[in-house]
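Read the structure below first, then the notes.
Please treat every number below as a calculation from the coordinates, not as lab data. What you see is a predicted model; the values in this text were computed from it and never measured. Positions of Cβ are backbone-derived with ideal geometry, glycine not excepted, and every protein chain shown enters the neighbour counts.
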Amino acid sequence: MFKCLRYHRRHPSHFVNLKTAVFTGSFDPFTVGHDDIVRRALPLFDRIIIGVGYNEHKQYMQPTEQRCETIRGYYSDEPRVEVQAYNDLTVDFCARVGARYIIKGVRSMKDFEYESDMAEVNRRLSGVETVCLFATPELAHVSSSVVRELIHFGKDVSELLPMKPKKKEDYQ
């Protein structure tokens, strides 16, 4: 039926039999809410590519590569998760990486209405389907903009950011 494919960082054609999804955003910073969506999406897909968006007209707290490296650290023990930067349309990113699905986290009706419109545009442009996962209620208040604001005023945001991954030595 399906071939068992190994997870290699290769051209998208190597992943033809895999259900590949992208989870995109600026992730400035990547929060516990983002992490919750990725971990809940893992059972649904064979491969998830976290696309860290870059817009030259936007000012970020951290450079794109630093955001990518931080997120890679959170998933260093999960071979099904990759992290890549991109600066074009999400549907073009999907085509480049061989993804047929876009994962979106939805915190509110406002988010749902926006994501519903975007899902329709993306589907019409490319046939890519959008899968919405609703925020876990206790994380629905968490957003990157709230975290940035708290950081700006010197507040502790450790509960709003994923825990740093443990080193292998910590497991032994």
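Post the alpha-carbon centroid distance, the stretch 112-130 to the stretch 73-96, in whole angstrom. Between the Cα centre of the stretch 112-130 and that of the stretch 73-96, the gap is 19 Å. Tally Lys and Arg at +1 and Asp and Glu at -1 over the other residues with C-beta under 15 Å from the C-beta of residue 21: what net charge comes out? Here the count lands on +4.
Overall size of the stretch 110-149 from C-alpha positions, given as principal axis extents largest first: 35, 20, 15 Å.
Loop-resident trypsin sites (Lys or Arg not before Pro) (DSSP state other than H, G, I, E or B) in the stretch 30-61 with no more than 15 further Cβ atoms inside 10 Å of their Cβ: 58.
When the P(r) is computed for the stretch 31-123, the part past 17 Å accounts for 57% of the Cα-Cα pairs. Size estimate for the stretch 56-107 follows the Kirkwood approach: the inverse of mean 1/r over distinct Cα pairs works out to 13.0 Å. From the Cα gyration tensor of the stretch 62-172, with a ≥ b ≥ c the square roots of its eigenvalues, which class applies: rounded if a/c is under 1.5, or else prolate if a/b is larger than b/c, or else oblate? Oblate shape, in that a/c is at least 1.5 and b/c is the bigger or equal ratio.
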